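Beneath this line is the structure, given in structure tokens, with notes to follow.
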Amino acid sequence: MLEKYLDIKPEIKQSLAENKPVVALESTIIAHGMPYPQNVETAKRCEQIIRENGAIPATIGIINGILKVGLSAEELEIMGKSPNMMKVSRRDIPLVVAQKIHGATTVASTMIIANMAGIKVFVTGGIGGVHRGAASTFDISADLTELANTNVAVVCAGAKSILDLGLTLEYLETQGVPIIGYQTDELPAFYTRKSGLKLVQWCENIEDIASIINIKWHLNLKGGVVVANPVPEEFAMDFDYMTNCIDNALKKAEQLGIKGKETTPFLLAEIKKITQGKSLDTNIQLVFNNAKVGAMLAKSLSKFDTDLSK
Ligand code: PSU
Ligand code: MN
């Protein structure tokens, strides 16, 4: 039944059947997170990095209403170039499939499709979270409720401080989602390694993270895990400078009355403008770093599965 809607690239299907490591990638980051052509170049390089580190990449998106696990070069171009590409979260999947249109998948919807395919590790830049002012707007990303429900580990560089990062941590705790720092005990804030917020869980080794994830799922503790991997020091941006840029972007969004699903793409584009594109290099580099760590994690997790089945 699912096959009617889900199309998994043969290489990925085979790898999954053989319990080889596979890493999912999202497409909203391509369509709405970066400008063309850097978005498509980054997506391709991420796939390469995942291969170089011993796993198979699976970029996820919706093409003509089909949930695609593994996009072709041509489909990556469509994602990167179409100015009106729909941003698709959990809510939007049925409509996009019914209308047989294209859609770029967010963290939430990429997790859903990865899970349908049997992929356990997913790499992105930053997750959505609780927006500032959420007490009155109710704007909490569907990424967080997805993390509460869907068994996929998400490797990211934390979240951007366009969000209320303290409330995001509280919400993840409420929903029972572990957030594990990789070689850091502080929540990374995407462009910066620091946020001023301490994490209660962190590990030095990927194997230890894989062990926690593996145990969570074997105990039937439903839901995802966030692996917070800070941007490498040499590409990190200045904390005070970024705080200022983000505050200005937030002010502009408020003045223009930007709401709902437009908020995140608007703020991302605005920050790019304010930093005169400087933030883009950091953004690209942190995604590359996540791709490497994601491949390592997928490899480590696949070993666990093999061992446990013995
Ligand atoms: N944060 C980023 N870059 C992104 C996104 C978030 O730093 O590209 C994208 C991701 O696809 C994420 C989505 O899942 O935005 C969250 O959107 P919203 O806040 O509308 O749920
Ligand atoms: Mn939102």
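General observations
- Set side by side, the residues Gly118, Gly129, Gly70 differ, and just one is under 24 Å from Thr42 (Cβ atoms) and touching a residue at least 60 places away in the same chain (Cβ under 8 Å), which is Gly70.
- Residue within the stretch 194-214 that is within 16 Å of ligand 1 (Cβ to nearest atom) and assigned to a loop (DSSP other than H, G, I, E, B) present: yes
- Any hit, the stretch 125-139, residues being within 16 Å of ligand 2 (Cβ to nearest atom) and in contact with a Cys (Cβ under 8 Å, 6 or more places away or on another chain): yes
- Search result, residues across the stretch 98-116 that are buried (at least 24 other Cβ atoms within 10 Å of the Cβ), aliphatic (A, V, I, L, M) and more than 11 Å from ligand 2 (Cβ to nearest atom): Ala104, Val107, Met111, Ile113, Ala114
- Evaluation of Val152 against the conditions (1) more than 16 Å from the chain's Cα centre (by Cα); (2) more than 30 Å from Ala253 (Cα to Cα) shows that the sole unmet condition is (1).
- Taking the stretch 76-95 as the range and being within 28 Å of Thr145 (Cβ to Cβ) and without any contact (Cβ under 8 Å) to a residue 40 or more places away in the chain as the test, the residues that pass are Asn84, Met86, Asp92, Ile93, Pro94, Leu95.
- Total residues in the stretch 244-282, condition under 22 Å from the mean Cα position of the chain (by Cα) and polar (S, T, N, Q): 4
- Neighbours by Cβ (under 8 Å, 6+ apart or cross-chain): first from the stretch 246-266, surrounded by fewer than 15 Cβ atoms within 10 Å (Cβ to Cβ) and outside any helix (DSSP H, G or I); second modelled with pLDDT under 95 and not basic (Lys, Arg): Lys259/Thr137
- When Phe288, Phe235 are checked against the criterion of being more than 16 Å from ligand 2 (Cβ to nearest atom), touching a Ser or Thr at 6+ places or on another chain (Cβ under 6 Å) and at pLDDT 95 or above, a single residue qualifies: Phe235.
The values are calculated or read from the model by the stated rules, or taken from the named source; none is laboratory data. Worth saying up front: this structure is predicted, and the values here are computed from it rather than measured. Ideal geometry is used to build each Cβ from the backbone, glycine not excepted, and the neighbour counts take in all protein chains shown.
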